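Colleague: First the structure, then my questions, so here it is.
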Amino acid sequence: MIKFTFYLFALILIFAASRVITVRNPIHAALFLVLAFFSSAAIWLLLHAEFLAIVLILVYVGAVMVLFLFVLMMLDINVAPLREGFVRYLPVAAFVGVLILVEMILVLVGWHQAPPPEVAAALPNTKALGLVLYTDYVYPFEIAAAILLVAMIAAIALTMRPHTRAKYQKPEEQVRVRREDRVRLVKMPSESKE
């Protein structure tokens, strides 16, 4: 049962990851990315790496996907045709939702049947991860952090486009104004009432 569950989650993960890069609709890609994250978390739960699974769900599904959707909204992609019919997207959303539900049920069934690995029996899961991450893999960890920082700066730079209709005040020009630049005195003959 454990091998079947693992291979099922692996197949779902490969399918979802391939759909993330092949689907044309960015919203569908985000939904398939959520499915890929859930499949990875389910595989980690089967391996008794609960901390990694929970962090994947909380950080990536909870925060990174919100960031992705925020960037999709800020890029001003023409999604008017996508909003026309909610019913059109219901099959994709239902498919992803049912797959996530089936994965969660299979993890709960398979998690109690799989014995924990003997290697991690001496240390708690989080402590063993921290020891390995900050000793053996400290440089790849720092490189990954730098890549994520660059990606965050790129996402901000993509949303900071100059607006053509926006009008801005320029205080340095307002301070340098002279009366002669703004006011012109015109001499006009006065009219006489006769």
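Each value in this text was obtained by applying a stated rule to the coordinates, not by laboratory testing. What you are looking at is a predicted structure, and each value in this text was computed from that prediction instead of being measured. Counting neighbours? That spans all protein chains shown, and the Cβs are built from the backbone with ideal geometry, glycine included.
Colleague: Taking θ = phi - 60°, what integer Hz values does the Karplus form 6.51 cos²θ - 1.76 cosθ + 1.60 yield along the range 95-103, in sequence order, with x for Gly and Pro?
Modeller: 4, 5, x, 5, 4, 5, 5, 5, 4
Colleague: Short version: ³J(HN,Hα) in whole Hz for each residue of the range 12-19, in order, from phi by Karplus 6.51 cos²θ - 1.76 cosθ + 1.60 (θ = phi - 60°), x for Gly and Pro, what are they?
Modeller: Whole-Hz 3J(HN,Hα) from phi for the range 12-19: 5, 5, 5, 4, 5, 5, 5, 6.
Colleague: A follow-up question, please. Please find the FRET efficiency linking PHE141 to VAL66, where r is the Cβ-Cβ separation and R0 is fixed at 25 Å, and quote it to the nearest 0.05.
Modeller: Details: r = 24 Å, r/R0 = 0.95.
About 0.60, to the nearest 0.05.
Colleague: On a C-alpha basis, how far is the centre of the range 10-34 from the centre of the range 163-189 in Å? Whole number, if you could?
Modeller: Centre-to-centre (Cα) distance: 55 Å.
Colleague: Can you compute the FRET efficiency between VAL23 and GLU172 using 1/(1 + (r/R0)^6), with r the Cβ-Cβ distance and R0 = 41 Å? Round to the nearest 0.05.
Modeller: Numbers: r = 49 Å, r/R0 = 1.19.
Computed FRET efficiency for VAL23 and GLU172: 0.25.
Colleague: Test of understanding: what is the full-extension gain from LEU123 to VAL55, defined as 0.36 nm times their sequence separation minus their Cα-Cα distance?
Modeller: 22.6 nm
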